[in-house]
1. Mind pulling the per residue volume of the convex hull built on the Cα atoms of segment A:129-244? Å³ is fine.
2. Residues with beta-carbon under 9 Å from that of residue B:83, excluding residue B:83: net charge, scoring Lys, Arg +1 and Asp, Glu -1?
3. Looking at segment A:60-151, which trypsin sites (Lys or Arg not before Pro) are in a loop (DSSP not H, G, I, E or B) and have at most 16 other Cβ atoms within 10 Å?
4. Give me the net charge for the shell around residue A:220: Cβ to Cβ below 13 angstrom, other residues only, Lys and Arg +1, Asp and Glu -1.
5. Charges only on Cβ, +1 for Lys and Arg, -1 for Asp and Glu: so what's the dipole of segment A:81-145 about the Cα centre, in debye to the nearest 20?
6. Within the set of other residues whose C-beta is less than 12 Å from the C-beta of residue A:181, count the net charge using Lys and Arg as +1 and Asp and Glu as -1.
7. Are there any chymotrypsin sites (Phe, Trp or Tyr not before Pro) in segment B:75-121 that are in a DSSP loop and have at most 10 other Cβ atoms within 10 Å? List them by number.
8. When the chain is fully extended, how far beyond the present Cα-Cα distance does residue A:60 get from residue A:131, taking 0.36 nm per residue of separation?
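Every number here is computed from the coordinates shown, using simple stated rules; none is lab data. The model shown is predicted, which means the values in this text are computed figures rather than measured ones. Neighbour counts are summed over all protein chains in view; Cβ atoms, including those assigned to glycine, are modelled from backbone coordinates with ideal geometry.
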There are 2 protein chains.
Amino acid sequence: MLTRTLPVYLQDASHPQAQVCAACEVRRNALFGALDDASLARIHEHIAAPEYEADTRIYTRDEPGHAVWTIRAGVVRFERTTDRGDRRIVRLAGRGDLIGQEALLRWTYADDAIACTPVQLCRIPPALVEDLSESRARLLRELMARWQDALDQAQGWVADLTTGPARRRVLRLLDALGRYPDAQGRIWLPRREDIGAMLDMTIETASRHLSRLRREAVIELLPPRHARLSAPALEQALRAADAD
Amino acid sequence: MLTRTLPVYLQDASHPQAQVCAACEVRRNALFGALDDASLARIHEHIAAPEYEADTRIYTRDEPGHAVWTIRAGVVRFERTTDRGDRRIVRLAGRGDLIGQEALLRWTYADDAIACTPVQLCRIPPALVEDLSESRARLLRELMARWQDALDQAQGWVADLTTGPARRRVLRLLDALGRYPDAQGRIWLPRREDIGAMLDMTIETASRHLSRLRREAVIELLPPRHARLSAPALEQALRAADAD
DNA sequence: CGAGCCGTTGAGGGGATTCAAGCTCAGTGG
DNA sequence: CCACTGAGCTTGAATCCCCTCAACGGCTCG
């Protein structure tokens with residue numbers, strides 16, 4: 001059955017994974033669809049095809065990334081735990097998607113990856129991809145790092161800025177804005193309408209909470225569009241909001 | 001002043017951008033920090049250093065990407081408009097960050113990028129990066145595409161699944177899950193607790209809205225963990241929820 | 001059969017939205 | 001100089017949606 005769909009020169013390849021890879025129905029949509037059959041033949045022996053049951057963990061956040069995977073079947077979810085302690089699912093991935101790309105940078109995984117349904121994967125060692133891109137490796141690594149940073153930020157945004165009551169979301173936004181101070185140590189404070197667009201709340205709710213934080217001496221409003229934060233007060237307020 | 005910090009062989013380079021690039025204080029953290037001075041000298045003449053005032057647009061969603069930028073100073077926000085018509089800010093970027101990476105794939109931009117504060121940028125044509133990575137171009141392109149897809153999904157998650165009242169968020173989740181049907185045309189339906197973790201709501205709220213959608217014949221619950229959607233009813237319910 | 005997990009439904013309270021009024025401030029023109 | 005205007009922000013009151021707390025039913029499994 002299977003061999004009838006294989007190119008002739010692969011029909012009696014020594015390694016059994018050769019047939020699995022060459023016949024893979026998602027290959028044309030998957031990462032290694034970009035490779036020709038000859039290149040594929042060189043690497044297929046290093047690729048495993050593990051399966052996971054529903055609700056089993058594929059990898060764990062902060063764990064060193066030893067593999068990147070392609071999803072051949074099933075649904076995978078990415079989870080994070082907020083400082084407040086509650087679990088947030090920040091993304092889903094399905095057939096044809098690539099997961100654990102951090103491993104190509106030799107980074108630790110940025111999320112917990114867990115099977116939602118029974119899943120079939122292709123497990124690819126990072127060295128395999130690195131071997132294929134020998135030149136300008138440093139620039140490419142930098143580029144991939146930027147991409148991963150952006151993705152990490154986007155997922156962190158979900159976990160931090162869309163979670164919990166309005167006061168907590170405002171505090172976390174101020175914390176994030178505190179990382180971009182200007183020369184005078186002030187932060188850029190968005191218009192209330194923009195805060196609403198960031199945190200999914202009305203301008204009235206944003207205004208009420210900022211006013212309250214001003215009365216609590218967490219923030220000093222410096223209109224227009226600027227403010228000064230009290231780092232200790234902010235940290236304390238964040239801990240209080242996360243504790244509850 | 002400036003020339004004193006330059007390597008000798010660059011001090012009298014013909015193109016003025018040579019000095020700007022070589023002296024750039026963010027260079028060691030920025031994308032082209034990975035390049036040596038010789039490579040940098042070859043490309044600097046193609047890099048512009050534009051500035052934007054606050055609240056001006058750097059690029060627009062769906063516009064063909066003709067450049068990728070590094071942020072030298074200031075804060076940039078990424079915006080999307082939900083189907084419902086409201087504006088959502090899905091990410092911020094600051095000094096040292098790379099924005100508009102889609103352009104390296106010759107894709108259109110995935111978001112509106114707008115300056116929050118006055119910003120100083122480095123504008124890099126995609127051809128420059130492509131010239132530097134001649135071999136295995138297709139695999140690298142595939143890889144970058146995966147990265148961008150993941151980022152796009154993460155930002156779309158913010159815009160779609162964390163916006164608006166609970167009923168709307170549940171509907172959008174069902175719509176997303178509808179893209180991963182199994183062989184019987186059923187979808188994987190998360191446990192109520194997982195729906196809560198995805199949409200930032202309690203299991204009771206998730207259950208109430210699913211029950212209501214069942215009574216409205218939008219969804220047929222097939223416990224455990226599965227369901228069947230009525231595509232037309234779902235679409236109609238989505239439009240109704242977005243209209244309001 | 002009882003224990004435990006998962007899901008559903010109800011009652012009550014609290015927080016966010018909605019609707020509305022009034023404020024500051026910059027720009028404009030009488 | 002000051003009235004006028006409009007944008008942005010603040011504050012209040014009423015409403016509504018969602019959360020909290022609680023009880024209960026179906027199901028699996030020891």
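1. Each residue corresponds to 144 Å³ of Cα convex hull volume.
2. Neighbour charge sum, excluding residue B:83 itself: +1.
3. Here the sparse-neighbourhood loop sites are A:61, A:106.
4. +3
5. Computed about the Cα centre, the dipole is about 100 debye.
6. +3
7. none
8. Residue separation times 0.36 nm, minus the Cα-Cα distance, leaves 23.0 nm.
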